[in-house]
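Reading through the structure tokens given below for one structure.
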Amino acid sequence: MRPRISFLLAALTASVICVATAAEMGSALAKPAGVSCADFRRKADGSWTPVRRSVVVGPRGAFAVEPGEVFYIQVQGTTNYGAKIAETLNQRCR
């Protein structure tokens, strides 16, 4: 009888951890990217391009962007590195 209680307790604990982790991930994905307006230029077509190598902080961590990369408004929830770079720049830098 004792092993069954231990198994149920372990399963319950794992479930609580999974739910808490999923909630934390959901809130992290909702956060906008950490971008600097000075590091990007808006192009005539509405896209954004870095003017220098810079670091963007997104929900999945920091990553580098290089001049020549182009970031557009994302369709159907897709992201660049987990961050909506163009959307964030449009909100903060226009």
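The values are calculated or read from the model by the stated rules, or taken from the named source; none is laboratory data. It should be emphasised that the depicted structure is a prediction, and the values quoted were computed from it without experimental measurement. In this analysis, Cβ positions are derived from the backbone assuming ideal geometry, glycine residues included, and neighbour counts consider all displayed protein chains.
Give the residues of the stretch 79-94 that are over 11 Å from the mean Cα position of the chain (by Cα) and assigned to a loop (DSSP other than H, G, I, E, B), sorted by residue number. Listed by number, the list holds a single entry, Arg94. In the stretch 72-94, the residues that are in the same structural domain as Cys37 (by TED's automatic domain parsing) form Cβ pairs under 7 Å with partners that are crowded, with 17+ Cβ neighbours inside 10 Å and among the β-branched types (Val, Ile, Thr), at six or more places apart or across chains, as follows: Ala83/Val56; Ile85/Val35; Ile85/Val56; Thr88/Val35; Leu89/Val35.
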